[in-house]
1. All but one of (1) more than 20 Å from the chain's Cα centre (by Cα); (2) in contact (Cβ under 8 Å) with a residue 40 or more places away in the chain hold for B:V127; which doesn't?
2. May I ask you to list the residues in region A:58-99 that are within 12 Å of chain B (Cβ to nearest Cβ) and under 30 Å from A:R118 (Cβ atoms)?
3. Which one is nearest to the chain's Cα centre (by Cα), of the residues in region A:326-376 that are under 23 Å from A:L578 (Cβ atoms) and polar (S, T, N, Q)?
4. Could you count how many residues in region A:10-33 are within 14 Å of chain B (Cβ to nearest Cβ), polar (S, T, N, Q) and assigned to a strand (DSSP E or B)?
5. Of all residues in region A:577-588, which are surrounded by fewer than 17 Cβ atoms within 10 Å (Cβ to Cβ) and either over 17 Å from A:M331 (Cα atoms) or free of Cβ contacts under 8 Å to residues at least 24 places away in the same chain (or both)?
6. Checking A:S133 against (1) surrounded by fewer than 17 Cβ atoms within 10 Å (Cβ to Cβ); (2) within 29 Å of B:L48 (Cβ to Cβ); (3) of a type in the set (S, T, N, Q), only one condition comes out false. Which one?
7. Being farther than 24 Å from A:V269 by Cα, touching a strand residue (DSSP E or B) at 6+ places or on another chain (Cβ under 9 Å), modelled with pLDDT of 95 or more and surrounded by 17 or more Cβ atoms within 10 Å (Cβ to Cβ) narrows it down to one residue among A:L25, A:L71; which is it?
8. Which pairs turn up if I take residues in region A:264-285 that are without any contact (Cβ under 8 Å) to a residue 12 or more places away in the chain and look for partners that are surrounded by fewer than 20 Cβ atoms within 10 Å (Cβ to Cβ) and of a type outside the set (K, R) with beta carbon separation below 7 Å, at least 6 apart in sequence or on another chain?
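The values are calculated or read from the model by the stated rules, or taken from the named source; none is laboratory data. Source: prediction; values computed, not measured. Cβ atoms come from the backbone with ideal geometry, glycine included; neighbour counts cover every protein chain shown.
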Amino acid sequence: MTKDLENIQSVLATDCGSTTTKAILIEKRDGEYRLIVRGEAPTTVEAPVEDVTKGALNAIREVEELSGRTLLDGEKIITPQEGDRGSDVYLSTSSAGGGLQMMVAGVVKSMTAESAERAALGAGAIVMDVLASNDGRRAYQRIERIRHLRPDMILLSGGIDGGTISHVVELAELIEAAKPRPRLGIGYQLPVIYAGNRDARPHIEKILEEMTSLDVVDNLRPVLERENLGPAREKIHDLFMEHVMAQAPGYDKLMSWTDVPIMPTPGAVGNIIQTIAEVEKIEVVGVDIGGATTDIFSVFQDIFNRTVSANLGMSYSVSNVLAEAGMDSIMRWVPFEMDPADLRNRIGNKMIRPTTVPQTLEELMIEQAIAREALRLAFIQHKSFAVGLKGIQQERNISDTFDQTATGQSLVNMMSLDMLVGSGGVLSHAPRRQQAAFMLIDAFLPEGITQLAVDSIFMMPQLGVLATVHKQAATDVFTKDCLIRLGTCIAPVGEGKPNKTCMKISVKVPGGETVDKEVMYGELFVIPAPYGEPVEVAVEPARGFDMGAGKGKAVKTRVPGGTSGIIVDTRGRRPFELPADHAERVERLQAWNKAMDAYPE
Amino acid sequence: MAHAYTPGLRVAERTTVLKERRLPLPGEVLVKEGDIVNADQVVAKTDLPGNVQPINVANLLSLEPADIKEFMLKKEGDAIKKDEPLARTAGLFGMFKRTHHSPVSGTVESVSDVTGQVLIREAPIPVEVKAYIDGTVTELFPNEGIAVETTAAYIQGIFGLGGETNGELTMVCSEPDEVLTESQIDESCRGKVLVGGSLLDLPALHKAIQVGAKGVVVGGFNDQDVKEVLGYDLGVAITGHEELGTTLLITEGFGKIRMAEDTFNLLKSLEGRKASINGATQIRAGVIRPEVVIPLAKDETKKDIEEKGASEGMVIGSQVRVIRQPHFGVLGHVTELPAALQKLPTEGMVRVCKVKLESGEEVIIPRANVELIEK
């Protein structure tokens, strides 16, 4: 029976995460789509259950209990809706099973290899390694690397259409020689996607057809000036569903239940971020910090980018955050005395028992200190990846020559950034919203005027897959129910001296008084302003400080309030530094926590 | 019924243990169904394709890729020895010929006239799979391996280092809260699987490795010491391939934590028996926990093995262990399961359980912070 996806009245959607499975029910009421309830249950891919559908059903049962609606008939999802029973459509996303792990290969590291990496990341994959003919490794090292890794899939690209074929053919020869062993067992043929120079296709087919499950798609970099990532991304997704997901316990059943193909969670979150940027015409950074990975999405200059830091997360990979950041970087955010060996053990215990939660305030502060570092490091990785295309001959005029900028520059611009959206347990489940605002500010260091928000109950994945079916429904629920507006951060760029004026600010809250303040360098404080009518803000930065209009130039605008209101942060940007002295730093952290009303006394 | 978020670690006095022993590539299975095997016995073997040496002959001899086949002295499928001539140019009037010699011994696998690259595959690498536990072969997977089954005591740990091994179970500590130190380990520990109490300190682990102990089972170990012993920070809990010399299995967690009474007493009751141990751990999808398998003597297996019913989840009376601060590692039983969310000191609202600890104290713990003790 074909469904009328245009006129849906209700949507049931699940997201199968690595730790928990979340289910939401959306209904059309008074002409608009709204979230009704949300349920949750542990994900059941592992022993003893080993069937992802059980976790999904448990989450849906919780939705039934909380909504009073009947959505299941035994273990069957009732669809379409009939009277009060069932829902019109069932959708799902998933990141359970560790996601899709890929290797990509291209000829030139900063051109085709990088484009291949973007294609893979955009499809929701984790990129284990990027091979390139010019990556500095010897051929035998590349072969060893392919043999050592156990990718689910390989994406091979290289050469513009009509260009030389030898390099990409050589890469294919190395892949064939390495005889990569996929992680899913003996009988499984490794999917390989070829998305390079079309002239090399016959040679690639000859070399790889027998040993791998080879698919050929359009060149993802047909000419240097243009990327064509769509066909490769779609093929990655199709193969992911067909080969990888189909092997994971219970997925074949789940796939048969959904009305549209299951999307990998990161692909879905990326989709809703792009939708917001498009609809509200803003530059956005979104972050999803999970147990195993931290995904960052950005839209700058209408260009979407996504990175997955598969090595940074709050449970499964929490020890890696410690390894990458170092003990000092984490300890610098902890506002009390702590023995480093004790901290190491606590982090280790969280890694091996990932589903536990902080019970004491001390434990919560430690987790949030770790989160700051995970977010900071993931963002550094994102900034270096979200760059303009390299390899392009630009027409230069006189002012460009003096400007000295080149393509390959990061697209990320914290001054022009309009909105920062956070998602993931440590942000969305923070007991006080101001804790989430504070983590986002400390980790990302937004500049100028930036709105802050969190995904209230991390339903962005479900909205992302819904957006492919019904954009309106997804956008309605996103703006009305999904986003919790935390407020707006006002942070001038520049370095100053404590107790010297940094700026003057005037905030007019609707129905309230005007707050006029002279702000010193090094301050952090909040002006309450609930979300609703926009708040008028005028900022006059002192000489040497920039609020986006140039040094010393005043700005005047209207900004949204939120649960935290207007957060004024003159602690410094470029640079931002914490005091080196331990006692002074602890004192400062405690003062800032108080200013933000971050924790109970 | 409440969800138990953390399936408990298994500690069973007597259960059926079934292990699948498979090759990574098709090969030869050396035993048959019904055979009795011992832990160190090789049950299947195969060869992994040897390492590949790529040589761009075209570049090295300044030839066009399309021409190299003309100057190759070996063709695809030919064997070649190290330093044997591989290709030679014609030179000028028969003089100034240039020769490239093979850097390795192996077989010429391919010669490409598109890239000018020659691949030489070295000798295959033999791979053997052992039985790992003493038991009976109950199933044969043709060309792949076997399933081996035994009746045994079974103990799961929370984290481990090192791979499969076996040895005689030996109690080194007499109490589950005792620290296992260097002075308690000597030459008599060679070849044994040692059992400690609440903590194994680093000097003791080094000593165990030095004397050739096969394994150590202990309640706790410091995370800092993991870094010391590996030489790097273990970012993600995926282990099993470390070649320490001694397999380590931790039953409770990081830090000094008293080994659970049941676990300690079970191990004590089986002292002297052969124990198979595997430290491999994977805390991700497809969770793998480290384990100790102690096959029971034949006459003991005649007793009926109680069929373990499906887990009920957490109910009033369930025995649990606390798995996070505060009260980390303490045992208790559930006295209440409040339906409503409760506020923690963090101000977070979560599902909780009321637990009566061993000490008699009654505490509120988030349900996510206890694990069921499963038999």
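1. (1)
2. Correct list: A:S94, A:S95, A:A96, A:G97, A:G98, A:G99.
3. Per the stated criteria, the residue is A:Q368.
4. Result for region A:10-33: 2.
5. Those that are surrounded by fewer than 17 Cβ atoms within 10 Å (Cβ to Cβ) and either over 17 Å from A:M331 (Cα atoms) or free of Cβ contacts under 8 Å to residues at least 24 places away in the same chain (or both): A:E577, A:P579, A:A580, A:D581, A:H582, A:A583, A:E584, A:E587.
6. (1)
7. Answer to the check: A:L71.
8. none
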